[in-house]
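J.: Take a look at the following structure, please.
Please treat every number below as a calculation from the coordinates, not as lab data. This is a predicted model, so every value here is computed, not measured. When we count neighbours, we look across all protein chains shown, and the Cβ atoms used for this are built from the backbone with ideal geometry, even at glycine.
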Ligand SMILES: Cc1cc2nc3c(=O)[nH]c(=O)nc-3n(C[C@H](O)[C@H](O)[C@H](O)COP(=O)(O)OP(=O)(O)OC[C@H]3O[C@@H](n4cnc5c(N)ncnc54)[C@H](O)[C@@H]3O)c2cc1C
């Protein structure tokens, strides 16, 4: 029997497990290890709580977890509780599916001021991520700024702009719901270094903004190239640009505003001991389509600044790391002998949930080609790992624990919400009587 360890239980980890289970059938055991007692990575802690239909993809992963030969080992942080080298001793192959959970830094003065936070923190806060339960973002000012022109920036801006009523049916955590209800923010400015033709926002996410109860998107017509230029855009982007053009004719007749400020490069964040304003340089497109500063500076007030400019994968001891791309150094997913990477840890932080599927299948194919079913002596696998963890006092959890946690989250849900997430690992473990 082959023994495989997949580190990380997000989409990439689960698609890889699915592919390995198909390739080996009963000839392999697959352990999916995660630092939390509950799986699904960004499906649980990243995807917006008001986008429940997207989270339904986890049903497919449930089926993988339920299949014979696949197991979930939670509450184990690889790199702290057990090393990659130790996993390679215990398993025939180790597949790193650890994602890219860290915010990329802005690299401008003032970014360490209170009130400036990364999108991973803010998104984690409203999604019940244990690491960010205490974030307490400052929502007392009238202005917030979100830096970035991708879907994560839109998620952050939308969550800041919705009414309580619009969160019905979502699984936003109660502490965020209450804080957002008290929020004084009336204007959210979305800063993008380039123009409407360079956005990375998809039509579905943009389209929603035109129908918010209390907030209206504001776009300046002067930021657009002539409409004829849209014809050359890829269809998805063209649709997004058409939506943006439509926003320019919406009446600003709602109490809140979401202002798209294009050609705007953040220069520094200023304030008296906390963020109060952001200094921005007007830009223009250069010959290669990049942003070139014009020297014109202006200020945007902001008691809260959220940077949504991308993510990075933290390094793991002994694993080659691509400093530039902020992912593990790999060739088509292969890092080294019996060691692989999938998902954001392999490609860097881009692509949708579905992009991780071909990725996981491709790596599983490589594993299957390199490691045919085993006739001889087996490696230690899960039994060896659990015994090592016990000797270190690490309390690993299992599939049944995860299901018990989930059951009590469902049982505790506020009316209309699918669950009431436990926001700390201790709460989750406490639910198991530990
Ligand atoms: C805010 C946000 C919103 C998004 N919304 C959408 C959307 O609406 N639609 C869409 O298609 N895509 C969306 N995406 C993209 C999608 O979430 C990613 O493509 C996908 O989650 C990447 O999968 P992954 O498995 O590589 O990483 P992740 O989902 O991040 O999973 C990584 C897993 O590894 C675990 N882990 C990390 N380090 C360790 C360690 N040292 N030891 C043990 N376990 C570890 C983590 O706990 C986590 O469970 C969004 C992304 C973000 C950031």
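J.: Note down the relative contact order for region 1-158 as a percent, whole number, built from C-alpha pairs under 8 angstrom at least six residues apart.
T.: With pairs under 8 Å counted, the relative contact order is 27 percent.
J.: Specify the residue with the greatest mean-square fluctuation among 191, 388, 209, computed from a Gaussian network of the chain linking alpha-carbon atoms under 10 Å apart.
T.: Looking only at 191, 388, 209, the biggest GNM fluctuation is shown by 388.
J.: What ranking of 427, 143, 165 emerges when the number of other C-beta atoms within 10 Å of each C-beta is taken as an exposure proxy, fewest first?
T.: By the 10 Å Cβ count, ascending, the order reads 165, 427, 143.
J.: What value in Å³ per residue do you get for the convex hull of the alpha-carbon atoms in region 47-135? Please list the in-between numbers first.
T.: Details: hull volume 13.8 nm³, N = 89.
For region 47-135, the hull spanned by Cα atoms encloses 155 Å³ per residue.
J.: Further question: If the elastic network links every pair of Cα atoms under 10 Å, which of 414, 194, 44 fluctuates the most in the Gaussian network model of the chain?
T.: Of 414, 194, 44, the most mobile in the Gaussian network model is 414.
J.: In the chain, what % of DSSP beta bridges are antiparallel (nearest 5)?
T.: Around 35 percent antiparallel, to the nearest 5.
J.: Still on this structure, I have one more. Determine how many Å³ per residue the convex hull of the Cα atoms of the chain encloses.
T.: For the chain, the hull spanned by Cα atoms encloses 151 Å³ per residue.
J.: Over region 249-385, what relative contact order in percent results from Cα pairs under 8 Å that are six or more residues apart? Working shown, then result.
T.: Details: 154 pairs, mean separation 16.2, N = 137.
Once normalised by length, the contact order is 12 percent.
J.: Can I ask one more? What number do you get for region 156-247 when its Cα radius of gyration is normalised by 2.2 N^0.38 Å, N = residues?
T.: Values: Rg = 15.3 Å, N = 92, 2.2 N^0.38 = 12.3 Å.
The value comes to 1.24.
J.: Report the relative contact order of region 309-414, percent, no decimals, based on alpha-carbon pairs under 8 angstrom and at least 6 residues apart.
T.: Averaging sequence separation for qualifying contacts and normalising by length gives 15 percent for region 309-414.
J.: Sticking with this structure for a sec: Rg and Dmax of region 32-186, Cα atoms, in Å?
T.: Spelled out, the Cα radius of gyration and Dmax of region 32-186 are 18.1, 56 Å.
J.: Here is a further query. Please check: in the Gaussian network model of the chain (C-alpha springs, under 10 Å), which one of 359, 71, 134 has the largest mean-square fluctuation.
T.: In the Gaussian network model the winner is 134.
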